[in-house]
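Chemist: The structure's right below; bear with me while I get my questions together.
The values are calculated or read from the model by the stated rules, or taken from the named source; none is laboratory data. For clarity, every value in this text was computed on a predicted model and none was experimentally measured. Here the Cβ positions follow ideal geometry from the backbone for every residue, glycine too, while neighbour counts run over all protein chains shown. Only protein heavy atoms, including side chains, enter the accessible area calculation; ligands, DNA and RNA are left aside. Shrake-Rupley method; radii C 1.70, N 1.55, O 1.52, S 1.80 Å.
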Amino acid sequence: MQFETPEPGRGRPREFDRDEVVDQALSVFWRHGYNRTTTRLLEDRLDLNQSSIYNAFGSKRALLDAALDRYEERMAHEVFQPAALAGERAVEVLGMLLWRWVSDEAHRGCALLNLDAELRTDDAFRCRVEAHRRAFRDAVAGAVAAGGTPGAPVDDVVQLVVAALTGLMV
């Protein structure tokens, strides 16, 4: 989706791709966290001026929310859905996909869990993290159920897998 914002000192609109800006913002917040991501850093990395960012998103926090929406969409599409379709190999596939997801040099760990330490007093953010944790646990439970748990109760295996994978994602 294209947005037009005025360039500084000019009456002509400047166009940018909102989806691309949200993707870039996600990378900045993921790498630097919320508090260390200054408006100046966003201006530099997004190649937009402060007024363009605020005109398009309203606030730094709204830009973060848009970036985290994108993160959750990608996590569902690139990790949870493929694992759900993997049948007996679901746990193995989920682990492999999560490892690839969180071991990327540019994006260490889970963006939500990394930001949790900074934003845990924010009620809206806490709700987002809890919803993400439920979705993650549901994905693991589905993978474990599909793969079977010979001789072990499903709930115990789910708790073990969630704990191990969460540890990798921080």
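Chemist: So how much slack lies between Cys127 and Asp47, counting 0.36 nm per residue of separation and subtracting their Cα-Cα distance, in nm?
Modeler: Values: separation 80, 0.36 × 80 = 28.80 nm, distance 3.13 nm.
Going from the current span to full extension adds 25.7 nm.
Chemist: Related question: 7 Å from Cα along Cα→Cβ at both Ala163 and Ala145: what's the point-to-point distance in nm?
Modeler: Taking the two extended label points, one gets 2.3 nm.
Chemist: For the range 111-123, take each phi angle, set θ = phi - 60°, evaluate the Karplus expression 6.51 cos²θ - 1.76 cosθ + 1.60, and give the result in whole Hz per residue in order, putting x for glycine and proline.
Modeler: 4, 5, 5, 5, 6, 4, 4, 7, 10, 5, 7, 8, 4
Chemist: A further question follows. Sorting Phe80, Phe29 by accessible area (1.4 Å probe), largest first, what list results? Write out the running numbers ahead of the final one.
Modeler: On the way: Phe80 30, Phe29 5 Å².
Reading off the accessible areas and sorting them downward yields Phe80, Phe29.
Chemist: Along the Cα-to-C-beta direction of Glu118, a point sits 7 Å from the Cα; which residues of the range 23-52 have their amide N less than 17 Å from that point?
Modeler: Inside the label zone: 23-46.
Chemist: Say R0 is 30 Å: what FRET efficiency, to the nearest 0.05, do Arg100 and Arg36 get from their beta-carbon distance?
Modeler: On the way: r = 26 Å, r/R0 = 0.86.
Calculated transfer efficiency: 0.70.
Chemist: Roughly how many nanometres apart are two label points built 7 Å out from the Cα toward the Cβ at Arg108 and Arg89?
Modeler: 3.1 nm
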